[in-house]
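Scroll down for the structure; my scribbles are underneath it.
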Amino acid sequence: MHLSKTRIGLLTIGQSPRDDITSDVRLLLSSDIEIVEYGILDDLNPEEIAFLMPRAQETPLVSRLRDGRQVLLNEKRIRELLPEAIEFMNTKMNVNSVGVLCTHDFPKKKYSCPVIFPSDYMKFIIDEILGVKKLGVVVPLDSQIEAAKRKWGRKRLLVVSKSPYVQGKTWNGIADVLFEERVDTAILDCIGYKIQDR
């Protein structure tokens, strides 16, 4: 008897496909699970994408375009577009559940299918399982450091920045800072970091 594959949706806040992420994810999934990708920016032209970029004092999110370039996005606008994209994947792309490829702590709503937000699991592991005393967090941008401090809400916390999409600081340099500050555990707080970065 032929059993149909379970269809899992992976939703990026940038453009699909995200081979830089799904190549890692596929290694963790059973062969009877089919990955279906969609991006909030997939159907937008450059002018429409530019409209979603953050202005001064607006919270930035970071993702990737189809050509590999980094793109900065306004958190509020992405938050508004997210439910529609999840609904589209569920009803038009026929996925059984959706994994959001962003570690931002989005407000939770009731959706028509199960939705996985990585930030929920990251917080649970850090707070409930590992019992971390001093946490190190790596985010893509300097302008995200204050938001990360609010998100993790800890007294003993070190937040540093390194983009997963553009050249800049080295991982050795980041590791040296985390070691010198004696953090117990470090979180790479962006889905764009690769397994080898961890």
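Each value in this text was obtained by applying a stated rule to the coordinates, not by laboratory testing. Nothing here was measured: the structure is a model prediction, and the numbers come from that model. In this analysis, Cβ positions are derived from the backbone assuming ideal geometry, glycine residues included, and neighbour counts consider all displayed protein chains.
Key figures
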read-out	value
Selection count, the stretch 22-36, where residues are out of contact with any Lys or Arg (no Cβ under 6 Å at 6 or more places or on another chain) and either farther than 21 Å from Tyr193 by Cβ or buried (at least 21 other Cβ atoms within 10 Å of the Cβ) (or both)	3
Residue among Gly39, Gly68 that is surrounded by fewer than 14 Cβ atoms within 10 Å (Cβ to Cβ), among the small types (Gly, Ala, Ser) and either more than 16 Å from Thr12 (Cα to Cα) or touching a residue at least 24 places away in the same chain (Cβ under 8 Å) (or both)	Gly68
Test: residue in the stretch 55-69 that is farther than 29 Å from Gln196 by Cβ and in contact with a Phe, Trp or Tyr (Cβ under 6 Å, 6 or more places away or on another chain)	no
Qualifying positions in the stretch 144-198 - assigned to a loop (DSSP other than H, G, I, E, B), among the small types (Gly, Ala, Ser) and surrounded by fewer than 19 Cβ atoms within 10 Å (Cβ to Cβ)	Gly153, Ser163, Gly168
Within the stretch 154-194, tally of residues that are within 19 Å of the chain's Cα centre (by Cα) and closer than 15 Å to Asp105 by Cβ	5
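Conditions tested, residue by residue: (1) acidic (Asp, Glu); (2) surrounded by 15 or more Cβ atoms within 10 Å (Cβ to Cβ); (3) within 21 Å of Asp19 (Cβ to Cβ).
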{"site": "Val62", "(1), (2), (3)": "no, yes, yes"}
{"site": "Ile78", "(1), (2), (3)": "no, yes, no"}
{"site": "Glu87", "(1), (2), (3)": "yes, no, no"}
{"site": "Lys108", "(1), (2), (3)": "no, no, no"}
